[in-house]
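Okay, structure first, notes after.
The values are calculated or read from the model by the stated rules, or taken from the named source; none is laboratory data. The shown structure was predicted, so the numbers you read here are calculated from the model rather than taken from an experiment. Cβ placement follows ideal geometry from the backbone for every residue including glycine, while neighbour counts extend to all protein chains displayed. Please note that ligands, DNA and RNA were not included when accessible areas were found on the heavy atoms of the full protein model with its side chains. Shrake-Rupley method; radii C 1.70, N 1.55, O 1.52, S 1.80 Å.
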Amino acid sequence: MMAMMTTTSTATGPDRLAALLANRAPVAGHKPWPRYELDYDTWTAVAQALGEGGGDLLGLWGEKDNVHLALRVAGEPRPCVLSVRTRTSDFPSVGRFHPPALRLERALRDLYGFAPLGIPDRRPWLDHGAWGIRAPLGSRPPAARRNPAAYEFLPVQGQGLHQIPVGPVHAGIIEPGHFRFTVNGETVARLEQRLGYVHRGVDGLLTDTDIEPAGRVVARISGDSTVAYSFAYARAVEAALDIDPPPRAKILRGVMAELERLANHLGDIGAVCNDAAFALIHAHTAVFRERVLAATDRAFNHRLMMDRIVPGGVEDAAPGAPRALQQMIEELEAPFAEIVRLYDDTPSLQDRTCNTGFVGKELVERWAAGGFVGRASGRGFDTRRDLPYAPYDEASFEVPVLTAGDVDARVWVRIREVEQSIALLKRWLADIPNGETRVGLPKFEGTREGIAMTEAFRGDVLVWVRILDGRIVRCHARDASWFQWPLLEAAIENNIVADFPLCNKSFNCSYAGADL
């Protein structure tokens, strides 16, 4: 142990993180990634190495007596999970060294009552003072109700500054979130977000329940990513139970995932243009999106394909669905190409999207921001390729990566991903295997743990499960939005207030996915 500590004390970043985890015995029964139990000193050293760029933070969640951290060590092919047992409800803060962990730790503190030692931001995140108790998943002591508006935003000083509060109630039919702008004239000097208004107790609902109802809860965390969430949950349960879904189910899962990506990207492309006052593209892409949703409804008996992916396989597609979906794709491809040319050939539109809402590569890498937010700023991570799973492990596709980091780049990443989704769908729909679509879950005694990541349309989704005697003891799901919302604060700086809707839509983060 002393030799290892001497080695790690002089190393930095990835080398230090890899050395800290070297030669450790993983916990039995955790698949497919290893899980290691750490003491306080090693946990703190891991947090320091993360802060030095040693890897990507993939998730941070809790249980009654433990805190878990998922990470991807730079240069290592497989991620891992680290666990630390709390002492009298405290644990060393990761966020004091690695800021992307701060909101996760604040949520953990609200839900379980844990005290992250050394955390630089002790404000509540999910607890707005309306629960009447503290730590609903922990000790549950009674607490006086607070005024939900009583929240200490970070101070901003300077001449000529004033504040503009926006939300949580907005003009459109959208989810609630509060945005506090500090501006100089029309230029945004700072933005601070406050979320948590749609907290639904998801972690509580995913504690001590059966496998099937837990899957239904996971599928409803963020409705626009219901396929991706169900996909990740199914794969986590399958990893824990050592089961392999049939070949037909694997291909149909990929088909549903790409249809979900296609529908959402089409909607986003049009919505960004609409926020730039170019409603024509919005009208066309709304029609395209509706065609996709109508086709998925006919093929899978649900417009969003909710609850179609389940542990062990899928609910089968309707007879004739492959050909009908092929026809829809063929009818969509040429008109979409025309809309792309219109977007590229409209100077007034380019004037609004180019050089607006810039996010640099350093930030997206530090926050491990996935999806179009990361790929538009030079971070090329894509779970389908970099942590491959069926059916993507045998598929050929490109991951578009740009470096401009602005609204325009985030639109173009979506455009290129639409093209890649169409290509994948054409290949899969032309040759869907026959056979069974689902296998039964085995009965067993004892504890099993599983984890999985899938690529939703906005980025990577993570799901972790612990199963005891066939029941879900604990399940945690993490949306890509946790690591994208903070970057929106950076994107709007030095832009005008009127460009916030444009920047916000180009991110299209999920409120519900981050509020749990």
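A few comments on the model shown:
- Residue count for the stretch 75-102, restricted to those that are touching a helix residue (DSSP H, G or I) at 6+ places or on another chain (Cβ under 7 Å), assigned to a strand (DSSP E or B) and open to solvent by 30 Å² or more (accessible area, probe 1.4 Å): 0
Conditions tested, residue by residue: (1) under 22 Å from A512 (Cα atoms); (2) assigned to a loop (DSSP other than H, G, I, E, B); (3) without any contact (Cβ under 8 Å) to a residue 40 or more places away in the chain; (4) among the acidic types (D, E).
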site: P213; (1), (2), (3), (4): yes, no, yes, no
site: R216; (1), (2), (3), (4): yes, no, no, no
site: F231; (1), (2), (3), (4): yes, no, no, no
site: A234; (1), (2), (3), (4): yes, no, no, no
site: I243; (1), (2), (3), (4): no, yes, no, no
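- In the stretch 467-488, the count of residues that are touching a residue at least 12 places away in the same chain (Cβ under 8 Å), of a type in the set (S, T, Y) and in a loop (DSSP other than H, G, I, E, B) is zero.
- If only residues of the stretch 106-123 that are in contact with a Ser or Thr (Cβ under 6 Å, 6 or more places away or on another chain) and not hydrophobic (A, V, I, L, M, F, W, C) are counted, the one that is surrounded by the most Cβ atoms within 10 Å (Cβ to Cβ) is P116.
- The stretch 392-414: number of residues that are touching a residue at least 40 places away in the same chain (Cβ under 8 Å), within 20 Å of R235 (Cα to Cα) and either of a type in the set (D, E) or open to solvent by 10 Å² or more (accessible area, probe 1.4 Å) (or both): 1
- Options L293, L325, L252; residue that is surrounded by fewer than 23 Cβ atoms within 10 Å (Cβ to Cβ) and modelled with pLDDT of 95 or more: L293
- Count - residues of the stretch 371-388 that are outside any helix (DSSP H, G or I) and either under 23 Å from T356 (Cβ atoms) or modelled with pLDDT under 95 (or both): 5
- Only one entry in A318, A368 is within 30 Å of L102 (Cβ to Cβ) and part of a loop (DSSP other than H, G, I, E, B), namely A368.
- Scan of the stretch 171-183 for residues that are surrounded by 13 or more Cβ atoms within 10 Å (Cβ to Cβ) and not acidic (D, E), ordered by number: P176, G177, H178, F179, R180, F181, T182, V183
- Checked against (1) over 15 Å from V407 (Cβ atoms); (2) in a loop (DSSP other than H, G, I, E, B); (3) not small (G, A, S), N494 passes all but a single condition, namely (1).
- Taken over the stretch 245-290, residues that are basic (K, R), within 30 Å of D499 (Cα to Cα) and in contact (Cβ under 8 Å) with a residue 40 or more places away in the chain amount to 1.
- Residue match in the stretch 349-361 (condition: part of a helix (DSSP H, G or I), without any contact (Cβ under 8 Å) to a residue 60 or more places away in the chain and under 30 Å from A283 (Cα atoms)): yes
- Scanning the stretch 296-309 for residues that are surrounded by fewer than 16 Cβ atoms within 10 Å (Cβ to Cβ) and touching a Leu at 6+ places or on another chain (Cβ under 7 Å) turns up just one, R303.
- Residue selected from the stretch 35-55 under the condition touching a Pro at 6+ places or on another chain (Cβ under 8 Å) and surrounded by fewer than 17 Cβ atoms within 10 Å (Cβ to Cβ), by the criterion farthest from T86 (Cα to Cα): G53
- Number of the condition not met by C509 [criteria: (1) free of Cβ contacts under 8 Å to residues at least 60 places away in the same chain; (2) more than 18 Å from P100 (Cβ to Cβ)]: (2)
- Restricting the stretch 33-73 to residues that are assigned to a helix (DSSP H, G or I) and of a type in the set (F, W, Y), the residue that is farthest from the chain's Cα centre (by Cα): Y40
- Filter result (part of a helix (DSSP H, G or I) and either touching an Asp or Glu at 6+ places or on another chain (Cβ under 8 Å) or touching a residue at least 60 places away in the same chain (Cβ under 8 Å) (or both)) within the stretch 418-465: V418, Q420, S421, I422, L424, L425, K426, W428, L429
- Selection count where residues are over 22 Å from P501 (Cβ atoms) and among the aliphatic types (A, V, I, L, M), scope the stretch 359-401: 6
- Evaluation of A277 against the conditions (1) open to solvent by 10 Å² or more (accessible area, probe 1.4 Å); (2) at pLDDT 95 or above; (3) not charged (D, E, K, R) shows that the sole unmet condition is (2).
- Screening I269 on (1) within 19 Å of R384 (Cβ to Cβ); (2) of a type outside the set (D, E, K, R); (3) in a helix (DSSP H, G or I) shows it passes everything except condition (1).
- Odd one out for L126 among (1) buried (at least 18 other Cβ atoms within 10 Å of the Cβ); (2) among the aliphatic types (A, V, I, L, M); (3) more than 22 Å from N504 (Cβ to Cβ): (3)
- The one condition in (1) in contact (Cβ under 8 Å) with a residue 24 or more places away in the chain; (2) open to solvent by less than 20 Å² (accessible area, probe 1.4 Å) that E331 fails to fulfil: (2)
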